[in-house]
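Step one of this worksheet: look at the structure below.
The values are calculated or read from the model by the stated rules, or taken from the named source; none is laboratory data. Just so it is clear, the model here is predicted, and its values are computed rather than measured. For neighbour counting, all protein chains shown are included, and Cβ atoms are generated from backbone atoms with ideal geometry for every residue, glycine included. Heads up: the accessible areas ignore ligands, DNA and RNA and are worked out on the full protein's heavy atoms, side chains in. Shrake-Rupley method; radii C 1.70, N 1.55, O 1.52, S 1.80 Å.
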Amino acid sequence: MAWTGTDLLLVIDVQVDFLPGGALAVPDGDAVIAPINRLIGAAPHVVLTQDWHPAGHVSFASSHPGRAAFEAVALPYGTQVLWPDHCVQGSAGAAFHRDLRTDRAELVIRKGHHPDVDSYSAFLEADRRTPTGLAGALRERGFSRLVLCGLATDYCVAWSALDARAAGFAVAVVDDAVRGIDRDGSVARAWGEMAAAGVERIESGKIASG
Ligand code: VGL
Ligand code: ZN
C-alpha cells in the first residue's frame, strides 16, 4: 500500500506500563517501537492513544477486595478482566515510552478515564455506549482509512480496530508493529475477529514511505 491524504496512523497505547518492566508489560512489547517510529515518519497524519485511568479505577484488581489480577468479574456493563494497577493519570507508567516519536501527533486521545467504565477501544468504552469522540473527530476531518499499530494486539488494538470498522472506516493493522498480552489464545482469537470484520493485516515493510 501507499499512503494517501485520507489515511491516518493510529498508534495505540505505547506507554511505559505496557512495555517490559512496566506494571502490565506486554511480552516483547518494545519490539514495536522501531517499526512504529518508521510508520510515524512516513504517515500523512498521526494520532496517538493513551490509556489514562484514575487511581482506584474499576478495572484494577486492587479495587476488588479478594480478587486477583487477570480474574474476570461481572460489572453492570458486562464481564471485566481485572488488571494490575496501570497507566494511572499523570504517573510515570502512563507516559509514552521515551523512544516513541510523539512529535508528529496531531491529537492524543485519552481513554479509560471514567472511574466505573474501562475502555480498551479508542472509540467506544466498555459499556459499549459511551463514545470517546474519536470517530466524530476523524470523520469530521475526512479520514477514510485507519492504519493501527501498538499495544496490545488482543485488547486495545483489536477493540479499536473492530470499532473503527463498525464506525465505517477502512482499517489495516500492522502485524509487525503490534504485540499481544496473549492469555488463553486471545491473540489468535483477536486476529480471527479482525479478519472476519474486514480488517486488513499488513506488514510495515510493505507500506511505501512518503
Ligand atoms: C490495555 C488492558 C488494560 C491495552 C489497556 O492497552 O491493550 N490492556 N488496559
Ligand atoms: Zn487499562
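Residues in region 154-180 that are basic (Lys, Arg) and surrounded by fewer than 22 Cβ atoms within 10 Å (Cβ to Cβ): how many?
1
Would you mention how many residues in region 74-87 are open to solvent by 40 Å² or more (accessible area, probe 1.4 Å) and either among the polar types (S, T, N, Q) or within 13 Å of ligand 1 (Cβ to nearest atom) (or both)?
Summing the residues that are open to solvent by 40 Å² or more (accessible area, probe 1.4 Å) and either among the polar types (S, T, N, Q) or within 13 Å of ligand 1 (Cβ to nearest atom) (or both) in region 74-87 gives 2.
Name the pairs: first residue in region 9-25 and under 19 Å from Arg183 (Cα atoms) and within 12 Å of ligand 1 (Cβ to nearest atom), second residue among the acidic types (Asp, Glu) and open to solvent by 10 Å² or more (accessible area, probe 1.4 Å), Cβ to Cβ under 8 Å, at least 6 apart or on different chains?
Leu19/Asp30; Ala23/Asp17; Ala23/Asp85; Leu24/Asp17; Ala25/Asp17
Pairs only if they're at least six apart or on different chains, beta carbon under 8 angstrom, first in region 79-92 and closer than 21 Å to Asp127 by Cβ and near ligand 2 (Cβ under 10 Å from one of its atoms), second open to solvent by less than 70 Å² (accessible area, probe 1.4 Å) and β-branched (Val, Ile, Thr); list them, first residue then second.
If the second residue must be open to solvent by less than 70 Å² (accessible area, probe 1.4 Å) and β-branched (Val, Ile, Thr), no pairs are left.
Report, by residue number, each residue of region 110-147 that is of a type in the set (A, V, I, L, M), within 15 Å of ligand 1 (Cβ to nearest atom) and farther than 22 Å from Met194 by Cα.
Val117
Which one of Gly66, Gly41, Gly90 is open to solvent by 10 Å² or more (accessible area, probe 1.4 Å) and in a helix (DSSP H, G or I)?
Gly41
Scan region 179-203 for residues that are of a type outside the set (D, E, K, R) and on the phi > 0 side of the Ramachandran plot and report the count.
Going through region 179-203 one residue at a time, the tally reaches 2.
Give, as residue ranges, the strands (runs of 3 or more DSSP E) completely inside region 109-208 that count at least 3 residues that are in contact (Cβ under 8 Å) with a residue 24 or more places away in the chain and touching an Asp or Glu at 6+ places or on another chain (Cβ under 7 Å).
145-151, 170-179
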